[in-house]
Amino acid sequence: MIEMTVAQIAEIVGGTLADVSAEEAAELRVTGTVEFDSRAVGPGGLFLALPGARSDGHDHAASAVAAGAVAVLAARPVGVPAIVVAPEPGDSRAGVLEHDPDGSGAAVLGALAKLAKAVAEELVAGGLTIIGITGSSGKTSTKDLVAAVLEPLGEVVAPPGSFNNELGHPWTVLRATRRTDYLVLEMSARHPGNIAELARIAPPAIGVVLNVGTAHLGEFGSRAAIARTKSELPRAVPPSGVVILNVDDPSVAAMAHVCSGWVVRVSRARHTDSGPSDVWAEGVSLDELARPRFTLHAMDARGAAEVEMQLGVFGEHQVTNALCASAVALQCGASVEQIAASLAAAGPMSRHRMQVSNRADGVTVIDDAYNANPDSMRAGLKALASIARGGPTERRSWAVLGEMAELGEEAISEHDAIGRLAVRLDVSRLVVVGTGRSVAAMHHAAVLEGAWGSWGAPGDRGAVQVADADAALQLLRAELRSGDVVLVKASNAAGLGALADTLAAEGGARP
């Protein structure tokens, strides 16, 4: 964060001082980072006291100050220098935190947003370029690729993992300093208006819209409502800015009509129903690990350009993510050669997102366990099938799948469709993890879809449902053999990340 006094921060957020005088607050300077985990606080930091299900940050304020925090941003006095803020009626941040019975967390998040907005305004005036990315799937992967292609051009700040909501977004903004050239932000939504609010905190000069899918369908009620919410990002880009649209998605292509900034169209084809593409891919193919190759066509500072691309990430769906990242870099002055070199070197950076590990015993683990929706689940299964068939001999493929959350009334039908797709892609073994109706529908659909043999017969296809990740692990330990390829994927709430970690770490030779 840029250096500020405690008094300045209190004025920005509209807070009152506690356990520190006005004179002291005018001298105390925050020179470190802003943290919501007291264990991460360092010298000169600012600690956010947020309530949690298991502990309340207010109870850790003293230890944060002892670790070097200059002050605490809190909802009540905590016995150490603090800026105290009160809940605001009707605050949209209510409900963001898992445990916030009295609204104290919403109050602190509101203050955090005000502080981030003030810092962003000052940094943008000094030359910072803010890039915002949204979409139903692929935000984190694209964010990582954008950070990689911008790194040769200057200092980049991007969130770790999926820090993309009312806490992670402003927290990431406050990682930027006066040395930062590019701030890359994910922008997610639980309700209409969420993305617009995030854009007000850190107005993007470049906006990227990847797709409109069915993630969070239970929250929004319809795909049209999701599209309207995603369109809040291009609407927020000013006339002087640039909006990058994946026009292979008709709902995204239609957003060109709401943009006041310059529109850059990216596609897997030279021409689409919405017109010619500005950045496109030709001749897409996959190597034995499902890493895409293609020819990138675009315009750089020298005019029309093309370059051969070999991505370091896995899955054909990464082509669109890479095209969008390329479009961002081109707008920032990169050449196509620089982009190709950066994307070839950029592997998966965020945990549990298409991380491919080759074990010593010959088993390949595809860890995509952080999150899942119907679009990303289809992409994961296609990558599994591609890797299993990409070598000189076909390998057995395992799909270890859990629930896709927040699909509302579509949950049963969407899980049914994924179970059937696993059969149509000729996945060897489907292990459905969990006991709910949705995952039961996935298992049932797979059984009904094809003539799979009995579970356990050598070489036969089959589907099985197990109660939890421990049961899945025991099954895999007993039946995996050298050469198998295993995809682990579910919504984060299913808790399959630990299973994927264990599978990747194991690997003694098996018969």
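Brief remarks follow.
- Note on Glu306/Trp262: beta-carbon distance plugged into 1/(1 + (r/R0)^6) with R0 of 25 Å gives a FRET efficiency of 0.70.
- Taking 0.36 nm per residue of separation and subtracting the current Cα-Cα distance, fully stretching the chain between Arg190 and Ala26 would add 55.2 nm.
- Accessible surface of region 230-320, 1.4 Å probe, proportion on carbon and sulfur as whole %: 52
- Charge-dipole axis of the chain as Lys and Arg at +1 and Asp and Glu at -1 on Cβ define it, positive-most pick from Gly68, Leu185, Ala345: Ala345
- Relative to the Cα centre, the charge distribution of the chain, modelled as +1 at Lys and Arg Cβ and -1 at Asp and Glu Cβ, gives a dipole magnitude of about 1000 debye.
- 0 to 90° range, to nearest 10: angle between helix 139-150 axis and the chain longest Cα axis: 70
- Separation of region 222-272 from region 293-364 is 21 Å, based on Cα centroids.
- Carbon + sulfur, % of accessible area of region 98-214 - ligands and nucleic acids excluded, 1.4 Å: 51
- Take the Cα of Glu394, go 7 Å toward its beta carbon, and the backbone nitrogen atoms of region 478-510 under 17 Å from that spot belong to 483-486.
- Maximal additional length on extending the Ser240-Glu3 stretch stands at 82.4 nm, based on 0.36 nm per residue less the C-alpha distance.
- Helix axis angle, 437-449 relative to the chain longest principal axis, alpha carbon, degrees: 20
- Compactness of the chain - radius of gyration and Dmax, Cα, Å: 24.0, 78
- Region 24-73 and region 484-499: distance between their alpha carbon centers, rounded to Å: 34
- Region 2-65 - percent of accessible surface contributed by carbon and sulfur, probe 1.4 Å: 48
- Spatial separation of Cα centroids for region 128-161 and region 394-427, in angstrom: 29
- Computed extension gain for Ala224 through Asp102, at 0.36 nm per residue and net of the alpha carbon distance, reaches 40.5 nm.
- The chain, accessible area per residue, ligands and nucleic acids excluded (1.4 Å, Å²): 39
- Estimated FRET transfer efficiency when R0 is 22 angstrom, pair Met299-Asp181 (beta carbons, to 0.05): 0.50
- The chain: angle of helix 411-424 to the longest principal axis, Cα-based, in degrees nearest 10: 40
- In this label model, Leu448 and Asp273 are separated by 3.0 nm, measuring between points 7 Å along each Cα→Cβ vector.
The values are calculated or read from the model by the stated rules, or taken from the named source; none is laboratory data. Everything numeric in this text was worked out from a predicted model, so none of it was measured. Because the Cβ atoms are built from the backbone with ideal geometry, glycine has one as well, and the counts that use them run over all protein chains shown. Accessible surface areas use protein heavy atoms only, side chains included; no ligands, DNA or RNA. Shrake-Rupley method; radii C 1.70, N 1.55, O 1.52, S 1.80 Å.
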